[in-house]
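Read through the structure below, which is laid out as structure tokens, and then see the notes.
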Amino acid sequence: MNTESVAEIDGLRVEVGGRAIVDGVRLRVRPGTVTALVGASGSGKTTTGLALLGEYPHGARVTGEVRTPEGLVGYVPQHPGAVLNPVRRVGALLWDIARTQVRHLPRRERGEAARERVLEALAAAQLPDGAEMLTRYPHQLSGGQQQRVVLAQALLLGARVVVADEPTTGQDAVTKRHVVERFAALRRTGIAVVLLSHDLDVVRALADEVLVMREGKVVESGPAARLWSAPRHPWTAALLAADGAVEPVEPDDGEGEVVLRTSPFTARHGRTTVLRAPALTLRTGESLAVVGRSGSGKTTLARCLAGLHRHHDGTLLLDGSPLPRSLRARGREQLAAVQYVFQDARAAFDEHRQVLDQVARTAVRLRGLDRGAALAEAVSTLAGLGLTEEVVRRRPGRLSGGELQRAALARALLARPRVLICDEITSGLDTVTRRGLLDALGTLRRERGELCLVLITHDLDTAALTSRIAVLDAGETVEEGSTRTVLTGPQHPFTRALLGKEAAVGVTPSGR
């Protein structure tokens, strides 16, 4: 290995089913730096990053060289909760690692030494209140806290390289700044970070070197400053161009027919109140963005509307008729009328069946179409979202996260809903694909005048697509108004912070 590198990839080629998903990738990772891999969903970023851990898709044929340090390579996945044992407290998960590192000490000193190591790792992972976290189970932590616990595990193991896979996906601007600070602090300790990300703001803030990938190949690489100012490859230029701001749409005139109406309601998780929502009215042709930090209650609000969270005391009316709180109590027409697209699209698909079949089944079950007609409509709808028939005839495991998000949207559209609820559906997409999806939603909003659109999002490009915005903080609505008014002249201090009016995401790469 090059003495200036802590990890290297040379000529990596990964084939699955005779198709190269990574082809000829070369990568040098230097200590105390951030190397970012950017590109479209399915470009090979995650496969390249996981190669540093010696992980490859099942049945893959691998050629080339991967050289890593003696210390383990740490991994922070996009959904950190998936790698934490749900039935063990955080303290137990970390002490298991720490105990193996203090066996050389006298028995009476091991417990305290292990505890000190755990607390040091939590502090290094930006969890200063780590002692209190040790008593909790993973499901009692926010996504950001889970991410920091996984990072602490890597630090305890002595990782010299950390692979961070989309660490800011689904995060609001405030939380995103904390994530940037977390990895900047890690870099200052001499640990190298390999950042896999669609979020160009975060890449700009952190990266020293950038590799741009497309269809498994590196099409451009170089110092971050040079790449941003003078991209040499057309695909790089397209990624940067698609990252521009979106003009807010004009507000609706409010004259559409009422589709969904709620009373003021309070929602609970167990005995804890997590949301106090005012009355809500959605009209045909209207679109509403619900924004807020993680844990602010925006997804709970959406799940109440969709019948996925029945522990609330509100009344729901669909076209003037009562809508049952629970999904299980809703009839076929009611199920079709209110559709929900989940943030974690992979978890919403059966891994053993073709994606196309699962998309088409919505039209069979909820609209009574025969299978042939449903398949034809599914292929057309998927194509409109940029997914070819060849791609969607695969099982979910062979699609990228962004491809699955678009497939999940197509599945909901095949129900011909009156209310379409989208929960962070652009969070896992590159800038070009995200812009294409936003354009598709804008077209959908214009062409389907009977549709109400509710977007749960932290992304301002997505929020700008709507006519109204509601801002939630700690389970309360702190601001609501037309999109143009809220985005250009936010009144509440939290809204200003959320929209970056008071501080932008920014950390100078390597402190230089």
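The values are calculated or read from the model by the stated rules, or taken from the named source; none is laboratory data. Nothing here was measured: the structure is a model prediction, and the numbers come from that model. Methodologically, a virtual Cβ is constructed for each residue, glycine included, from the backbone with ideal geometry; neighbour enumeration extends over all protein chains shown.
What residue, among those in the range 193-211 that are among the acidic types (Asp, Glu) and within 20 Å of the chain's Cα centre (by Cα), is surrounded by the most Cβ atoms within 10 Å (Cβ to Cβ)? By that ranking, first place goes to ASP199. Kindly provide the set of residues from the range 272-289 that are part of a loop (DSSP other than H, G, I, E, B) and β-branched (Val, Ile, Thr), ordered by number. Of everything in the range 272-289, just one residue is part of a loop (DSSP other than H, G, I, E, B) and β-branched (Val, Ile, Thr), namely THR284. From the list THR488, THR462, the one residue that fits, being among the β-branched types (Val, Ile, Thr), buried (at least 21 other Cβ atoms within 10 Å of the Cβ) and at pLDDT below 90, is THR462.
Kindly check whether there is at least one residue in the range 85-93 that is crowded, with 17+ Cβ neighbours inside 10 Å, over 30 Å from GLU8 (Cβ atoms) and in contact (Cβ under 8 Å) with a residue 60 or more places away in the chain. Among the residues of the range 85-93, at least one is crowded, with 17+ Cβ neighbours inside 10 Å, over 30 Å from GLU8 (Cβ atoms) and in contact (Cβ under 8 Å) with a residue 60 or more places away in the chain, which makes the answer yes.
Within the range 212-219, identify whether any single residue is assigned to a helix (DSSP H, G or I), of a type outside the set (Gly, Ala, Ser) and within 22 Å of the chain's Cα centre (by Cα), and answer yes or no. No: zero hits. Of all the numbered requirements in (1) basic (Lys, Arg); (2) more than 17 Å from LEU429 (Cβ to Cβ); (3) part of a helix (DSSP H, G or I), ARG416 misses one, and that requirement is (3).
Scanning the range 121-150 for residues that are under 28 Å from ARG187 (Cα atoms) and free of Cβ contacts under 8 Å to residues at least 24 places away in the same chain yields ALA123, PRO128, ASP129, GLY130, ALA131, GLU132, GLN145. Taking each residue of the range 52-72 that is over 19 Å from VAL194 (Cα atoms) and looking for partners that are in a loop (DSSP other than H, G, I, E, B) with beta-carbon atoms closer than 6 Å, six or more apart or interchain, yields VAL62/TYR56.
Is at least one residue of the range 274-293 touching a Phe, Trp or Tyr at 6+ places or on another chain (Cβ under 8 Å), within 28 Å of LEU387 (Cβ to Cβ), in the same structural domain as PHE494 (by TED's automatic domain parsing) and not basic (Lys, Arg)? The answer is no, given that none of the residues of the range 274-293 is touching a Phe, Trp or Tyr at 6+ places or on another chain (Cβ under 8 Å), within 28 Å of LEU387 (Cβ to Cβ), in the same structural domain as PHE494 (by TED's automatic domain parsing) and not basic (Lys, Arg). Every listed requirement among (1) modelled with pLDDT under 90; (2) under 22 Å from SER400 (Cα atoms); (3) over 20 Å from the mean Cα position of the chain (by Cα) is met by ALA242 save one, (3).
When ILE421 is tested against (1) in a helix (DSSP H, G or I); (2) under 22 Å from the mean Cα position of the chain (by Cα), just one condition goes unmet, and that condition is (1).
One line per residue, one yes/no per condition, for (1) of a type in the set (Val, Ile, Thr); (2) more than 20 Å from the chain's Cα centre (by Cα):
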{"residue": "ARG108", "(1), (2)": "no, yes"}
{"residue": "ARG117", "(1), (2)": "no, yes"}
{"residue": "GLN126", "(1), (2)": "no, yes"}
{"residue": "MET133", "(1), (2)": "no, yes"}
{"residue": "LEU155", "(1), (2)": "no, yes"}
{"residue": "ASP172", "(1), (2)": "no, no"}
{"residue": "VAL179", "(1), (2)": "yes, no"}
{"residue": "ILE191", "(1), (2)": "yes, yes"}
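Once the range 320-342 is narrowed to residues that are in contact (Cβ under 8 Å) with a residue 24 or more places away in the chain, closer than 24 Å to ALA470 by Cα and surrounded by 14 or more Cβ atoms within 10 Å (Cβ to Cβ), the residue that is nearest to the chain's Cα centre (by Cα) is PHE342.
Taking the range 290-348 as the range and being of a type in the set (Gly, Ala, Ser), over 22 Å from THR168 (Cβ atoms) and in a loop (DSSP other than H, G, I, E, B) as the test, the residues that pass are GLY307, GLY314, GLY320, SER326, GLY331. Taking (1) out of contact with any Phe, Trp or Tyr (no Cβ under 8 Å at 6 or more places or on another chain); (2) crowded, with 16+ Cβ neighbours inside 10 Å in turn, GLU4 satisfies each apart from (2). Taken over the range 258-271, residues that are assigned to a loop (DSSP other than H, G, I, E, B) and modelled with pLDDT under 90 amount to 2. Of the residues HIS178, HIS198, the single one that is not aliphatic (A, V, I, L, M), not assigned by TED's automatic domain parsing to the domain that holds ASP344 and not in a helix (DSSP H, G or I) is HIS198.
Listed conditions (1) touching a Leu at 6+ places or on another chain (Cβ under 8 Å); (2) farther than 30 Å from HIS58 by Cα are all met by ALA345, apart from (2). Residue-level analysis places PRO80 among those that are buried (at least 16 other Cβ atoms within 10 Å of the Cβ) and either within 23 Å of the chain's Cα centre (by Cα) or among the hydrophobic types (A, V, I, L, M, F, W, C) (or both).
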